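Single-structure report; data block below.
The values are calculated or read from the model by the stated rules, or taken from the named source; none is laboratory data. Small disclaimer: the values here were computed from a predicted structure and weren't measured. Virtual Cβ from ideal backbone geometry, glycine too; neighbours counted across all protein chains shown. Side chains are part of the model used for accessible areas, which takes the heavy atoms of the whole protein and leaves out ligands, DNA and RNA. Shrake-Rupley method; radii C 1.70, N 1.55, O 1.52, S 1.80 Å.
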Amino acid sequence: MRDLVAGMRYLGAGQRWVARHGRWWGFGLIPALIALVLYAGVLTVLALGAGDLAAWATPFADGWGAPWQGLLRGLFVALLFAGGLTLSVLTFTAVTLLIGDPFYESLSQKVEESEGHCPPGPDQPLWRELWNGLRDSVHVLLRAAGFGLLLFFLGFLPFVGQTVIPAIGFCVSGFFLAVELTSVAMQRRAVPVRERLRMLRGRKALAVGFGTPLVLLFLVPFVAVVLMPGAVAGATLLVRDLVPDEQPPSGADADGDEVAGAGPVAGSGAAPASWPASQGQPHQPLPARPAPPGPSGPGSSAARPPAGW
């Protein structure tokens, strides 16, 4: 339960960050507005053709009398449109991140700089970063589509399909949405996509608490556009506490070895952020950070929940 609440707090912290930095909020709106226009057109076409798709998919119901034919095809249309909305929420983030990669990379970097140390990130050309982002998004979306297909068919179960399954669907969508949003800060730390999934599976409640409120809010028209910059900022704050980040000590050489007279970094016992995935060494959550003396505002780093929650 504490992880669930912590995920919501990260979401709120990200929105407060962009509220205090209005120029960066406006900067982050540009790719979301472009994606919104594209998705509005696709969903309009789906809504207009859903009835014909239902009739084509259920030819066995052609001879059914009223009201059974209408109920079956009405349920099919509702599930089809709900699936389209869920898929649009997931792919909206992926497409927006792909369109706005330079925008959100700059936004995420600014968040990290405002909070202290910012990892330098891999030195790659823009086309390589876009390709890696597209490849990782496809990997995540294929996994999400598998769950979505299973939940779609489970939605035909009496009672459970109309109550429990939609709730599970929102949580699953929230988890994968959190995976997508954290990709910007994770890529800066050279964390591969499979390792991102493993890390967030180990903290499911944290990912669900962060992503599920966004899934619900993104269903409201235009809300996704307004909240997207803050969602990227909140995901960056989440990654800062989730992924151990070893800062190079002053006086260290280029390989990270200490030179004479240089002491170790305080609290740098965590593993470095980049490692071969084949070693199979899991991340250890950062120890709880003692709160500094004096009051701290809701947007300060001390107010954020520690990764050990």
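On the beta carbon distance between HIS139 and LYS204, with R0 = 22 Å, the FRET formula returns roughly 0.75. The charge dipole of segment 21-120, taken about its Cα centre with unit charges on the Cβ of Lys, Arg, Asp and Glu (plus for the first two, minus for the last two), comes to roughly 280 debye.
What is the gain in length, in nm to one decimal, between SER114 and VAL223 on full extension, counting 0.36 nm per residue of separation less the C-alpha to C-alpha distance? Before the final figure, lay out each step's value.
Values: separation 109, 0.36 × 109 = 39.24 nm, distance 2.57 nm.
Extending this stretch completely gives an extra 36.7 nm.
For the pair segment 215-229 and segment 144-201, the centres of their Cα atoms are 18 angstrom apart.
When the chymotrypsin sites (Phe, Trp or Tyr not before Pro) in segment 156-251 are filtered for DSSP coil states and for at most 10 other beta-carbon atoms within 10 Å of their beta-carbon, the remaining sites are PHE159. Under 18 Å from a label point set 7 Å out along the Cα-to-Cβ vector of PHE156, the amide N atoms of segment 76-105 belong to 76-84.
Output the peptides 232-239, 67-74 sorted from most to least packed, where packing is the average of other Cβ atoms within 10 Å over each peptide's residues.
Numbers: 232-239: 29.1, 67-74: 13.2.
Per-residue Cβ counts within 10 Å, averaged per peptide and sorted highest first, yield 232-239, 67-74.
Per residue, the accessible area of segment 138-251 comes to 39 Å², computed with a 1.4 Å probe over protein heavy atoms only.
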